[in-house]
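Enquirer: One structure follows; several queries about it will come next.
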Ligand code: NAD
Ligand code: IPM
Ligand code: MN
């Protein structure tokens, strides 16, 4: 099959890890006889530097012509002083809104060979396997007003947590659909003891759950959920939550897998191309050093194969190659606990070689 992939590398390590994901897609193309055609667009700081805005029209056009979008990461200290509306992160929020990427799936997977990379004890994290379903185009990130103003002599600031009923309903439905093919359990995370938006969220979760009698629904307050993720992460199967809660909990959850550099994501829409990106950012502290872990980006490409192209076997081949390489003891710096580690490029090479040599993977 032939598929068009729009690539938005962005900034910092975003550029380094998307290169790795492209190499992996090409290796899959070779082995399974598919053609991936790549087109490129600027986003974030890279777009600000050349076009003056974080999301040029031309980038939106490149995305809309594609079957799926692969994104690296945006942001960095260079653009910290630009006005809020022009920050690199605004480019990312704008493309999410523009493509209506409301459902952000962030799976958290335990790899046995990485038990020592996590700061948490093995007995707690062993066999952890859950997925955060993060609402991505509403909530605190997009509500209006969001501004600074003066009230007489007082400086005030406001951000708004705004949702329409349908926006909550569709993400909760996505969570139940996800749970159907997993362990039949949804944990809806909110702050219903304080926020009106969370009270409606809970009501809707209860309503939707009536359509899924076989699936267990529980509600959990977000502060408690942050604690339970460390105390008993095996408790979770599908976690569904508001945009900002999901952002925070997923970075926390990455440490169960060993590193933020291990967590992929899929940002799904009902119409048009979906987008795939690692959970991590541009990592300015290691950018340009060929040191970033490319696995989050590579596993995001696997999610693209699965969710956008229906290529389950190919997605599994990528995931198995990653596991194989980790089992063989290969590590990037973030996973290595100070001992010998591979560069970004060498890690990509190891994964690509494993995909090319299908006998390397023992099921
Ligand atoms: P970050 O995720 O970039 O980095 C946090 C820490 O994790 C750093 O120590 C970094 O070195 C490490 N890390 C991240 N990715 C890694 C990888 N692939 N391999 C090894 N180590 C990795 O978060 P931050 O430092 O708070 O933010 C930096 C910039 O990135 C900010 O401008 C922020 O807005 C942006 N950001 C962008 C995205 C995105 O584009 N999706 C996500 C998060 C943060
Ligand atoms: C993420 C990032 C983004 C978010 C930022 C860069 C806007 O942290 O994708 O997790 O908060 O959604
Ligand atoms: Mn984040």
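Enquirer: Restricting to region 53-109, give me the number of residues that are within 10 Å of ligand 1 (Cβ to nearest atom) and in a loop (DSSP other than H, G, I, E, B).
Expert: Count: 5.
Enquirer: Is it fair to say residue 283 is in contact with a helix residue (DSSP H, G or I) (Cβ under 7 Å, 6 or more places away or on another chain), within 16 Å of ligand 3 (Cβ to nearest atom), within 21 Å of residue 247 (Cα to Cα) and not in a loop (DSSP other than H, G, I, E, B)?
Expert: Values: in contact with a helix residue (DSSP H, G or I) (Cβ under 7 Å, 6 or more places away or on another chain): yes; within 16 Å of ligand 3 (Cβ to nearest atom): yes; within 21 Å of residue 247 (Cα to Cα): yes; not in a loop (DSSP other than H, G, I, E, B): no.
Criteria not met by residue 283.
Enquirer: Six or more apart or on different chains, Cβ atoms under 9 Å: show the pairs whose first residue is in region 172-193 and over 21 Å from residue 303 (Cβ atoms) and whose second is at pLDDT below 95 and assigned to a loop (DSSP other than H, G, I, E, B).
Expert: none
Enquirer: What number of residues within region 254-266 are under 24 Å from residue 59 (Cβ atoms) and near ligand 1 (Cβ under 10 Å from one of its atoms)? Give the derivation first.
Expert: Quick first cut of region 254-266, residues under 24 Å from residue 59 (Cβ atoms) only: 264-266.
Narrowing further to those that are near ligand 1 (Cβ under 10 Å from one of its atoms): 265.
Residues in region 254-266 being under 24 Å from residue 59 (Cβ atoms) and near ligand 1 (Cβ under 10 Å from one of its atoms): 1 in total.
Enquirer: Another question about this same structure. I want to confirm something. Restricting to region 68-106 and keeping residues that are away from ligand 3 (no atom under 15 Å from the Cβ), modelled with pLDDT of 95 or more and over 17 Å from residue 11 (Cα atoms), which single residue is surrounded by the most Cβ atoms within 10 Å (Cβ to Cβ)?
Expert: 103
Yes/no matrix, rows are residues, columns are (1) over 20 Å from residue 7 (Cβ atoms); (2) in contact with a strand residue (DSSP E or B) (Cβ under 9 Å, 6 or more places away or on another chain); (3) outside the structural domain of residue 52 (by TED's automatic domain parsing); (4) without any contact (Cβ under 8 Å) to a residue 60 or more places away in the chain:
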residue: 74; (1), (2), (3), (4): no, yes, no, no
residue: 89; (1), (2), (3), (4): no, no, no, yes
residue: 98; (1), (2), (3), (4): no, no, no, yes
residue: 110; (1), (2), (3), (4): yes, yes, yes, no
residue: 128; (1), (2), (3), (4): yes, yes, yes, no
residue: 135; (1), (2), (3), (4): yes, yes, yes, no
residue: 139; (1), (2), (3), (4): yes, yes, yes, no
residue: 144; (1), (2), (3), (4): yes, yes, yes, yes
residue: 149; (1), (2), (3), (4): yes, yes, yes, yes
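Enquirer: Quick check on residue 99: is it in contact with a helix residue (DSSP H, G or I) (Cβ under 7 Å, 6 or more places away or on another chain) and within 16 Å of ligand 2 (Cβ to nearest atom)? If you could, list the steps in order and put the result at the bottom.
Expert: Numbers: in contact with a helix residue (DSSP H, G or I) (Cβ under 7 Å, 6 or more places away or on another chain): yes; within 16 Å of ligand 2 (Cβ to nearest atom): yes.
So residue 99 fits the description; yes.
Enquirer: Still on this structure, I have one more. Inside region 193-271, counting only strands (runs of 3 or more DSSP E) that do not spill past its ends, which hold 1 or more residues that are more than 17 Å from the chain's Cα centre (by Cα), in the same structural domain as residue 168 (by TED's automatic domain parsing) and within 16 Å of ligand 2 (Cβ to nearest atom)? So that I can check it myself, show each step before the final result.
Expert: Numbers: elements: 216-221, 238-241, 266-268.
Here the list is empty.
Enquirer: OK, next. Considering region 341-361 alone, what residues qualify as being modelled with pLDDT under 95 and assigned to a loop (DSSP other than H, G, I, E, B)?
Expert: Taking region 341-361 first, the residues modelled with pLDDT under 95 are 357-361.
Hits for region 341-361 are 357, 361.
Enquirer: Kindly indicate whether residue 329 is more than 16 Å from ligand 3 (Cβ to nearest atom) and modelled with pLDDT under 95. Step through it out loud before you land on a result.
Expert: Working: more than 16 Å from ligand 3 (Cβ to nearest atom): yes; modelled with pLDDT under 95: no.
Answer is no for this residue.
Enquirer: In a loop (DSSP other than H, G, I, E, B), under 16 Å from the mean Cα position of the chain (by Cα) and away from ligand 2 (no atom under 13 Å from the Cβ) - does that describe any residue in region 118-131? Before the answer, list the steps.
Expert: We begin by selecting, within region 118-131, every residue in a loop (DSSP other than H, G, I, E, B); these are 118-121, 126-128.
Pick out the ones that are also under 16 Å from the mean Cα position of the chain (by Cα) and you get none.
Within region 118-131, not a single residue is in a loop (DSSP other than H, G, I, E, B), under 16 Å from the mean Cα position of the chain (by Cα) and away from ligand 2 (no atom under 13 Å from the Cβ).
Enquirer: Whether any residue in region 257-267 is in contact with a helix residue (DSSP H, G or I) (Cβ under 9 Å, 6 or more places away or on another chain) and under 18 Å from residue 172 (Cβ atoms) is what I want to check.
Expert: Within region 257-267, the first condition is being in contact with a helix residue (DSSP H, G or I) (Cβ under 9 Å, 6 or more places away or on another chain), and the residues that meet it are 257-267.
Next, only the ones that are under 18 Å from residue 172 (Cβ atoms) stay: 266-267.
Yes, because at least one residue in region 257-267 is in contact with a helix residue (DSSP H, G or I) (Cβ under 9 Å, 6 or more places away or on another chain) and under 18 Å from residue 172 (Cβ atoms).
Enquirer: Can you tell which of 123, 65 is surrounded by fewer than 22 Cβ atoms within 10 Å (Cβ to Cβ) and either in contact with a helix residue (DSSP H, G or I) (Cβ under 6 Å, 6 or more places away or on another chain) or without any contact (Cβ under 8 Å) to a residue 60 or more places away in the chain (or both)?
Expert: Numbers: 65 fails: either in contact with a helix residue (DSSP H, G or I) (Cβ under 6 Å, 6 or more places away or on another chain) or without any contact (Cβ under 8 Å) to a residue 60 or more places away in the chain (or both).
Sole residue among the options that is surrounded by fewer than 22 Cβ atoms within 10 Å (Cβ to Cβ) and either in contact with a helix residue (DSSP H, G or I) (Cβ under 6 Å, 6 or more places away or on another chain) or without any contact (Cβ under 8 Å) to a residue 60 or more places away in the chain (or both): 123.
The values are calculated or read from the model by the stated rules, or taken from the named source; none is laboratory data. Computed from a prediction, not measured in an experiment: that's the story for all the values here. Positions of Cβ are generated from backbone atoms using ideal geometry, with glycine treated the same way; all protein chains shown enter the neighbour counts.
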